[in-house]
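S.K.: I have a structure here, written as structure tokens, and I will follow up with some questions on it.
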């Protein structure tokens, strides 16, 4: 048999073993690197979540403080839910980026300073792509089992996805809070299908929290802003939080340490021993939808963006939620490292112009003035 018939969903809802085997095989057949199943019991980490929120570590991510009761109990997200199918998509194989970040100016053919993007956002919008594939599983199960209901979750919904992935046996969260899969590391994106169907858990006897790190503290030591403490991240200091989520004025001490990270940050993953390229990781490759088209952008170009050029540059990527004014602000902060390395880089003149322009966006202008002050080049104001 071939095609869809090879993966026809069993039609007996009482045969949990057959349904489980089908769900696992079907998930792998549509391209996911790993899959597991857990029950839909409530989260055991409510106290941790409440403490993290109370400390203000969610920063500008206000949605994290909403729908908490739903986030902590999948059965409130899908009434009658019994099982959760958790999948992982692999988006990177561990190979390092070129440093310092540079791109080629198409007009001159010369290299120019650039800002990097986090690897998960370099391809097409993962929310849409992962959900599209996982909804195939949902559709086939719910067509074969009338009365079965469910919901596909990927990053946006109030859902404890990493905890559920641990419970499903995919891996364990490291000290940087990211899920580490055996042999694959943490270069993965997670999604889940919460369903009323009864499936068998794939790792029912595993502890819900293990320790894949031991005495290692490389991610903690490498974080430029000291955002990481064991199994917790302060989003107000995290470079990803600053560049992707902060919509007003980030903490200047943390913003001054973004380096060449224009959008997002992968430092804690780059240094993780589990994430270094191996023969197996290179052989497994990544899903083709993560093609790396948006790996870096010219800082000179970004500093001149408006909304139209931003949309054209990003294309159908997960970066589209970040407005031009925020990307330009980030580019200003990236220019600090560039100008510390080479004071005559062309971005210097652009930053000075922005700092002195009273018609410029206030957030971008203030960032430019802060950068110049840190370079001991205070802006000349009229």
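The values are calculated or read from the model by the stated rules, or taken from the named source; none is laboratory data. Worth saying up front: this structure is predicted, and the values here are computed from it rather than measured. All Cβ positions, glycine included, derive from the backbone under ideal geometry; neighbour counts span all protein chains shown.
S.K.: Out of 53, 72, which single residue is in contact (Cβ under 8 Å) with a residue 40 or more places away in the chain and more than 30 Å from residue 290 (Cα to Cα)?
M.R.: Result: 72 is the single residue among 53, 72 that is in contact (Cβ under 8 Å) with a residue 40 or more places away in the chain and more than 30 Å from residue 290 (Cα to Cα).
S.K.: Would you check if there is a residue in segment 126-142 being modelled with pLDDT under 95, farther than 27 Å from residue 8 by Cβ and in a helix (DSSP H, G or I)?
M.R.: Yes: one or more hits.
S.K.: Name the pairs: first residue in segment 282-299 and closer than 27 Å to residue 330 by Cβ, second residue in a helix (DSSP H, G or I) and at pLDDT 80 or above, Cβ to Cβ under 6 Å, at least 6 apart or on different chains?
M.R.: Listed pairs, sorted by first residue: 289/129; 299/331; 299/334; 299/335; 299/347.
S.K.: Looking at residue 285, is it under 29 Å from residue 182 (Cβ atoms) and within 16 Å of the chain's Cα centre (by Cα)? Reasoning before the result, please.
M.R.: On the way: under 29 Å from residue 182 (Cβ atoms): yes; within 16 Å of the chain's Cα centre (by Cα): no.
Against the criterion (under 29 Å from residue 182 (Cβ atoms) and within 16 Å of the chain's Cα centre (by Cα)), residue 285 does not qualify.
S.K.: Do you know which residues across segment 268-300 are in a helix (DSSP H, G or I) and buried (at least 19 other Cβ atoms within 10 Å of the Cβ)? Let's see the steps before the verdict.
M.R.: From segment 268-300, those in a helix (DSSP H, G or I) are 268-270, 273-275, 279-284, 299-300; that's our starting set.
If the condition is that a residue be in a helix (DSSP H, G or I) and buried (at least 19 other Cβ atoms within 10 Å of the Cβ), then 268, 269, 274, 275, 281, 299, 300 are the ones that fit.
S.K.: Given the conditions (1) free of Cβ contacts under 8 Å to residues at least 60 places away in the same chain; (2) part of a helix (DSSP H, G or I); (3) closer than 30 Å to residue 366 by Cα, which single one is not true for residue 244?
M.R.: It is condition (1) that residue 244 fails.
S.K.: Taking only segment 205-240 into account, find how many residues are closer than 30 Å to residue 74 by Cβ and in contact with a helix residue (DSSP H, G or I) (Cβ under 9 Å, 6 or more places away or on another chain).
M.R.: 19
S.K.: If I go through segment 6-32 residue by residue, how many of them are in a loop (DSSP other than H, G, I, E, B) and under 30 Å from residue 286 (Cβ atoms)?
M.R.: 5
S.K.: Kindly provide the set of residues from segment 167-179 that are outside any loop (DSSP other than H, G, I, E, B) and surrounded by fewer than 24 Cβ atoms within 10 Å (Cβ to Cβ), ordered by number.
M.R.: 172, 173, listed by residue number.
S.K.: For segment 205-241, how many residues meet the condition of being part of a loop (DSSP other than H, G, I, E, B) and in contact (Cβ under 8 Å) with a residue 12 or more places away in the chain? Full working, then the answer.
M.R.: The initial filter retains those residues of segment 205-241 that are part of a loop (DSSP other than H, G, I, E, B), namely 205-217, 223-227, 230-231, 234-238.
Filter once more, so that each one left must be in contact (Cβ under 8 Å) with a residue 12 or more places away in the chain: 206, 208-213, 216-217, 223-225, 227, 230-231, 234-238.
Final tally of qualifying residues: 20.
S.K.: Can you pull out the residues in segment 89-109 that are within 15 Å of residue 296 (Cα to Cα) and without any contact (Cβ under 8 Å) to a residue 60 or more places away in the chain?
M.R.: Of everything in segment 89-109, those that are within 15 Å of residue 296 (Cα to Cα) and without any contact (Cβ under 8 Å) to a residue 60 or more places away in the chain turn out to be 98, 104, 106.
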